[in-house]
1. Between B:ARG77 and B:ASN205, what FRET efficiency follows from the Cβ-Cβ distance if R0 is 51 Å, with the result rounded to 0.05?
2. How much of A:MET103 can a 1.4 Å solvent probe reach, expressed as accessible area in Å² and rounded to 10?
3. If you take every residue apart from A:PHE127 with its C-beta less than 11 Å away from the C-beta of A:PHE127, what net charge results, scoring Lys and Arg +1 and Asp and Glu -1?
4. When DSSP beta bridges are limited to those with both residues in the protein assembly as shown, what percentage is antiparallel, rounded to the nearest 5?
5. Cross-link partners among lysines for B:LYS358, C-alpha distance below 22 Å, same-chain residues fewer than 8 apart left out?
6. Counting Lys and Arg as +1 and Asp and Glu as -1, what is the net charge of the other residues whose Cβ lies under 13 Å from the Cβ of B:ALA92?
7. Under 17 Å from the 7 Å Cα→Cβ point of A:SER125, by amide nitrogen: which residues of region B:182-208?
8. Mind giving me the nanometre distance, one decimal, between the label points for A:LYS237 and A:GLU141, set 7 Å out from Cα along Cα→Cβ?
Amino acid sequence: MAINRRQFMKAGSLACLPLLAPGLRGWSQTVPGDEAFTAALQEKGRILVLVELQGGNDGLNTVVPYLDDRYRELRPRLALPGDGVLPLGEGELALHPALRPLMSDWDDQELAITLGVGYPSPNRSHFRSIAIWESGSDSDEVRERGWIAQALSGQTRPDDLAADGLIVGGGDAGPLAGPEMANITIANPDDLARRAKALPPAPGSSPHKALGHLLEVREDLIRAAAAIEEKRKNAPKLGIDFPSTRIGKQCQVAAELIAAGVSCSVLKLHLGGFDTHTNQLQNHARLLGQLAAALSTFRRAMKKSGNWDRVLLMTYSEFGRRAAENGSGGTDHGTAAPHFLMGGRVKGGLYGEQPDLGNLSKKDLVFTTDYRRIYSTVAREWWKLPSSEISQRFAPLGCLTSEA
Amino acid sequence: MNIILLLTLFLSCSDDGDLPSPAVETEISSSPEDEIGIDGARHLLDRTSFGATFEETLRFSRLDRKTAVAAILDGVRSEPVSPLPPFISLPAEEQTQKRDWTREERKKFQRRQRAWGAALRGWWIEEMITTDSPFTEQMVLFWHGHFTSELRKVKKPTLMWLQNQTFRKHAVGDFSLLLREVALGPAMVIYLDTQQNRKGKPNENFARELLELYSLGEGHYTESDIKETARSFTGFRVDRRSGKVRLIPRQHDSGEKTVFSKVGNLGPQQVLDAILENPRCAEYIVERFWTYFVSPTPDACEVRNLAKIFRDSEYQLRPLLEALFGSDAFWQTDNRASMIKSPVDLVIGDIRRKGLKKIPAEAVQRTLTSLGQTLLNPPNVKGWPGGSDWITATTLLERERFLGEGLRNLALLDARASAGRKTTPDGEEMEPGDTPEMNPDSDRPRNFSRRLSRRERQRLTRKFTAELQQRWKQFGEMDSERREASRMWLLATEPVTAPPKSPTAINWLRWLYLDPTHQLK
């Protein structure tokens, strides 16, 4: 039985763990991969930024097969004109025009696009499919914990960790959900500090189980708020204007936390509205435009503050949309879709196969890349956890530079 | 006794109206050593009734265990006190989507249907706040979390309401009838795909959850039992128009099946009989009650004893609950403060403790959702996991927010509604069966309490605070007996934060509400 992480965090003593590097506390026996993970998190301060595109992003109008006649046949009203899209190299794919701000990222070869991401026996329910994505499960399997909680289970955390996950855009912990994870929802860091400070002092634990849990969570929160406040106090201003959209503001909070040196494993952002059953052309362009503007500003801020190399950003969404448009200028729930990975150590380019529009299953795209290959890339190559279940079961995409 | 009377006067200031409680008003003389006391009364009421006003708690404190438990059980209602939302009385025809509708007509209908769902949720919240038998609502909520269905899948709010009526009807009645009625109720038939379960093309969704979650628990059946159970539940459909469940004989598998060594052309009734004959069923249900009402860890020996009572009474719930609430385990010190209040416990509880009755349900629902419990939409088929899962960093801060400014805002809304002011906008176009606050097209602000103008908020706050201080002033400083009595009313264990330096009544009570132990029951 693994020792509870919290007991270690509380004890703050290293005496019982002589094998660990100084300045680290552990919560389990050392397992293979531990030291590399420790290095990945502690020395390099690696951060994963999750961007959830809620509602099911339409893949075919994000990365557009603009030279494919079948694309125009399937989407007489929704197909994007070939002269507006942004070709990705020499191939047959192009980005939606609203994603222009990401083109400099692409040109610098720091944007990896994974094609046809999905899973076998796709589920088209928002609730069920996002639960599958969040937990890394098979279609017919229910897992209680998020895939990140599973991957980080049993690993040593850095000493000054503010929290495992900082959830910036609201919503639940999703991929971070797990009883051992310290996740903090944060809309406005100053507000968090204010609210945490308003909590009257209380002990951090109790022999009573129920009270003990409550007090532990409370202490996690207070510690995170204090760590964030401490780091932010002396942090220089970023000097970059972010878009005033919701996702723009989230990116600003994320960038400020990272630039201030707040230590955490994951930041989760959220952009909703992708359930485009109607009037998709306009709505989708607006959403992608907001996303691209926010992400490119985020990248600029990370580069300027010297943090881009320790950031890996990935998008995800519960599903893509139906290949053919529906009768009301939109698309219905579908299956596979492309996703983005960005960061200073990302090898830009296309990964995986674009689904074949001539080979639909129940009118839907057939996935070509299991979504858990992205997770394996994160677990195995970013966090250096080759022995985690996800690293073992799925091959990484190979889209990170070798020194990553 | 004088102290108690004084306290009644002193603390009832926040209770604007008395709840009738017929069972308790008839004075029952029990010898003082048998009295459950304030601590015992709070324990019983927090666990069974979302907590109660100080006055009600004092009344219960003078009863002995048996009388107090009987008072709770005797008060159970089969009919709700709150008027049903108007859409319930619309003809079934009007609550059904038509096949020949245009996309726009469908969209409009779906908007109305979502609004009906919100109205139904609001109705239940109002019932929880105003009923004279909160225990009934605690039981309905228990069954809702046990025999789960989700409105997001069932879609038709009327069917969820019918299920809620079933829970009400059998809340403390006959479990075997409840099981039968829920299993083939339209909400369940839709929720767990019994509709897709046909002869030759079985769908095991319902069969699996019936055995795993609703009656026996994992490890007490085989995969073959699931397959055979699924076969016996083939051929049922919910009629689109009437909403009634019908058997389509040609889709029903009438071949021989074997479930728990019972062999024959088993239909749903015979399979449910086989389940009820399995002694594990009573134990499983007792365990569910235990973790809901007593403590997070069932005591195997006690469970066996209680299961015997349950079986001997042929699955009557009342004798079981009487035994459960009367057991030493229920009252044992170790089991007090052993549970974390659910959002409903906390929010409805504090609204009831403060005697607020006119809070717009929508504001309460938003709070419950922010704390992680949306009625009619449990997170999945297992229901709310409860216990320590209620507390995350997010919900913790939301709980703190509720206990601080949230409760205060609700009190202001209540004060405003009590003064006869409307809390919903006028002049919005309504369909028959709709209510103004459920119009999704209206552009009212998301935060209901912000609908108070700044001036109105200031005025109400001034009035509210002045009244409060006036009422409390006459009692001056809290003495130690008053402090301890109010502590026992609001906290299940000793507080863990430091008491206020100046322990005026208002400071003292605020401190108790905000102490982490107030979130335990």
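1. 0.95
2. 30 Å²
3. Once positives and negatives cancel, what remains is +1.
4. Once the DSSP bridges in the protein assembly as shown are tallied, antiparallel ones form about 55 percent.
5. Those lysines meeting the cut-off are B:LYS422, B:LYS463.
6. Around B:ALA92, the surrounding residues sum to +2.
7. Residues passing the 17 Å test: B:186-197, B:203-208.
8. So the two model labels end up 5.1 nm from each other.
The values are calculated or read from the model by the stated rules, or taken from the named source; none is laboratory data. The model shown is predicted, which means the values in this text are computed figures rather than measured ones. Ideal geometry is used to build each Cβ from the backbone, glycine not excepted, and the neighbour counts take in all protein chains shown. The area values use the complete protein model at the heavy-atom level, side chains included, leaving out ligands, DNA and RNA. Shrake-Rupley method; radii C 1.70, N 1.55, O 1.52, S 1.80 Å.
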